[in-house]
Amino acid sequence: MRVAAFAGLIALLSCRTAFALHPANAAAVRRIAAFIAAAEQEQAALTPLTEKNGKLDRLKKSLGLLLMSGDENNADFYKRQIAQLEAKIKHLSDARDVARDKAIHLTLTAYGIVPADADGRPEEPAGISYMSPEYGRHISWIPYAEDNDRTRIYQNASGSAFNLWGFGRLNRTSTGHKEFALTGVDGVTTVDRKAFLHGPGFLALILSHEIVHFRQFTTPSRGPKMTSAQRELEAWRKTRGNLAKLAAAGQISGSDNAFAVSQTEGNLKHSSPRWPGSIGRHGSSGGLMKDCRFTTEGRFSRPARVSTT
């Protein structure tokens, strides 16, 4: 009883001390935009190396043909070429992801989504998760950059797959997601490249949206009591208000503002209980995720590349 009461107090205090989004100063906006541009520069160098039928694909196909023909001498040359290219790809990927993480961290503090600590780093909210299968664990909100094509799933005893993002079943064969970011019931938010492509203001909207989900998951009267659609409806309503603030300050405008409006209003419509395809018609995901265990992917660990300056 005392543990439950203490956990509830932590969740309550977390909500009370939540910061409200506000426009960032011009210098911070320029720095965030520079980090995003740097990441896109690295991505531009990566694309011809990693895309389908790109350089890495072609080298691997050539190696396969040589191995099939038994030509080991020339195969060794291609193996070295592949190893060198993979090292280059890792270097470019790390540089891209560090730049995106810097954009995330500066956005969090510059737009008032979370407070900054004495060193200027974002203070990550923390609390007790009330969502199965993380129920009772102390979790922190950890937003970081990663394309959301890497499925983070649990598996129940019967072998059915469930995702960590709080909206029930996940098709194992899916090859990616349309979302800008996804927040798991373990407190981890993966921020997709799409969230960076419409400027610092749009990135702030996405991060302020995702922190709503973290607070839902760590509040016993909210997350576990709500359907997936109800959680999205609450988050997108908050996003609509934040968008109005940033648009009024001129920090999201033109085509970026039009895109943000279309995304916000479209998601509000699709999250409505009146919408025929609403996930909310299927009930709360909390019940769907009972008796789950980890897959071999295990728990999340913070990437070593995370940087704040």
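Values quoted throughout were computed directly from the atomic coordinates according to the rules given, and no laboratory measurement underlies them. Bear in mind that the values here come from a model prediction, so they are computed numbers and not experimental data. With ideal geometry, Cβ positions are generated from the backbone for all residues, glycine too; neighbour counts draw on all protein chains shown.
Brief remarks on what is shown
- Using a Förster distance of 45 Å, the FRET efficiency for residue 258-residue 71 (Cβ separation, nearest 0.05): 0.20
- Converting phi to 3J(HN,Hα) with the Karplus coefficients 6.51, -1.76 and 1.60 and the offset θ = phi - 60°, region 86-101 yields 5, 5, 5, 4, 5, 4, 5, 5, 4, 5, 4, 5, 5, 4, 5, 5 Hz in sequence order, with x at every glycine or proline.
- Applied to region 54-59, the Karplus parametrisation 6.51 cos²θ - 1.76 cosθ + 1.60 on θ = phi - 60° returns per-residue 3J(HN,Hα) values of x, 4, 5, 4, 5, 5 Hz, with x for Gly and Pro.
- Each of residue 47 and residue 82 was given a label point 7 Å from its Cα along the Cα-to-Cβ line. The distance between the two points is 2.6 nm.
- Peptides 65-71, 206-212 ranked from most to least packed give 206-212, 65-71, packing being the mean of other C-beta atoms within 10 angstrom over each peptide's residues.
- Segments 251-262, 221-232 sorted - mean Cβ within 10 Å per residue, highest first: 221-232, 251-262
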